[in-house]
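Asks: Would you mind keeping the following structure in view while I ask a few things?
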Amino acid sequence: MSRVERGRGAGRAMWGGGRRRVAVGVSAAGALALAAACAGGPPAGESVLRTLAATVSVSPSGDAGGAGEDGRIPDGVTLSPLDDRAAAVRNLDPALLAALREAAGAAKAQGIEMSVTSGWRGTGYQQRLLDRAVVTYGSLEQARRFVNTPEKSAHVSGKAVDVGPTSADYWLIQHGAAYGLCQVYGNEIWHFELRTTPGGTCPAMLPDAAG
Ligand SMILES: [Zn+2]
């Protein structure tokens, strides 16, 4: 039974209407989370996300801003590549994490602050992202352009990291190969993997995660 159907009960129209509005809100937040989690989406949505990310700060101590042990990073929260408290960072492939930290240091020296918006993900979390993308994009085929299956996702194996903000993405696109870091998908400027030797040349990009 859908929320709308539940809301049709006599005397519950007001409550039902409220629930519908809440549901819309959750859906929008879900879309933002997908954008954060390497799910792409329209430029306008990404713009909103970037704004949100810029206005929410990570808790300076304790739980790494609420980042979960399944690799989930709450909406609008970004993590330092140095933050070992978060499973999303801590469980990255050691070679990728070392390259990312080296690149982040070089970027910082040039005034560019680099954050991790998504890193390692547990299989359950990756499946939830895919499920949400299917709802957002209407089919598994379309969703797969933005979110991989747990079996195929480089995030699940710890070999992919999503970086923000946009200034850091462009810095890494320009300088990442010096550290072996390459943009992999044409539709995801934030997604990087170790795809070449340091100082080498990045391979040609795939159009999207399904490509
Ligand atoms: Zn990614």
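Asks: Please give the number of the condition Asp208 fails out of (1) surrounded by fewer than 21 Cβ atoms within 10 Å (Cβ to Cβ); (2) of a type outside the set (S, T, N, Q); (3) away from the ligand (no atom under 12 Å from the Cβ).
Replies: Result: Asp208 fails condition (3) only.
Asks: Still on this structure, please answer the following. If you check Thr123, Thr196, Thr166, which single one turns out to be within 14 Å of the chain's Cα centre (by Cα), surrounded by fewer than 18 Cβ atoms within 10 Å (Cβ to Cβ) and at pLDDT 95 or above?
Replies: Details: Thr123 fails: within 14 Å of the chain's Cα centre (by Cα); Thr196 fails: within 14 Å of the chain's Cα centre (by Cα).
The conditions single out Thr166.
Asks: What are the residues in the range 187-205 that are within 12 Å of the ligand (Cβ to nearest atom), in a loop (DSSP other than H, G, I, E, B) and in contact with a helix residue (DSSP H, G or I) (Cβ under 8 Å, 6 or more places away or on another chain), if any? Let's see the steps before the verdict.
Replies: Within the range 187-205, the first condition is being within 12 Å of the ligand (Cβ to nearest atom), and the residues that meet it are 187-193.
Next, only the ones that are in a loop (DSSP other than H, G, I, E, B) stay: 187-190.
Residues satisfying the conditions are Ile189, Trp190.
Asks: What are the pairs with Cβ atoms under 8 angstrom where one residue, in the range 169-191, is in contact (Cβ under 8 Å) with a residue 12 or more places away in the chain and farther than 19 Å from Arg101 by Cβ and the other, located anywhere, is more than 13 Å from the ligand (Cβ to nearest atom) and aromatic (Phe, Trp, Tyr)? Sequence gap at least six, or different chains.
Replies: If the second residue must be more than 13 Å from the ligand (Cβ to nearest atom) and aromatic (Phe, Trp, Tyr), the pairs left are Ile189/Tyr170.
Asks: Just to check your reading of the model, which residue among Lys152, Lys159 is surrounded by fewer than 20 Cβ atoms within 10 Å (Cβ to Cβ), at negative phi, outside any helix (DSSP H, G or I) and within 11 Å of the ligand (Cβ to nearest atom)? If you could, list the steps in order and put the result at the bottom.
Replies: Numbers: Lys152 fails: within 11 Å of the ligand (Cβ to nearest atom).
Going through Lys152, Lys159 in turn, the sole match is Lys159.
Asks: So Gly176 ticks every box in (1) within 16 Å of the ligand (Cβ to nearest atom); (2) within 18 Å of the chain's Cα centre (by Cα); (3) small (Gly, Ala, Ser) but one. Which box is left unticked?
Replies: (2)
Asks: Same structure again: Could you identify the single residue in Val184, Val147 that is within 11 Å of the ligand (Cβ to nearest atom) and touching a strand residue (DSSP E or B) at 6+ places or on another chain (Cβ under 6 Å)?
Replies: Details: Val147 fails: touching a strand residue (DSSP E or B) at 6+ places or on another chain (Cβ under 6 Å).
Step by step, each of Val184, Val147 is checked, and only Val184 is within 11 Å of the ligand (Cβ to nearest atom) and touching a strand residue (DSSP E or B) at 6+ places or on another chain (Cβ under 6 Å).
Asks: Now for a separate question. Could you give me the residue pairs with C-beta distances under 6 Å whose first residue belongs to the range 155-168 and is closer than 9 Å to Ser118 by Cβ, whose second residue is within 11 Å of the ligand (Cβ to nearest atom) and basic (Lys, Arg) wherever it lies, and which are 6+ apart or on separate chains?
Replies: Sorted first by the residue in the range 155-168, then by its partner, the pairs are His155/Arg121.
The values are calculated or read from the model by the stated rules, or taken from the named source; none is laboratory data. For clarity, every value in this text was computed on a predicted model and none was experimentally measured. Virtual Cβ from ideal backbone geometry, glycine too; neighbours counted across all protein chains shown.
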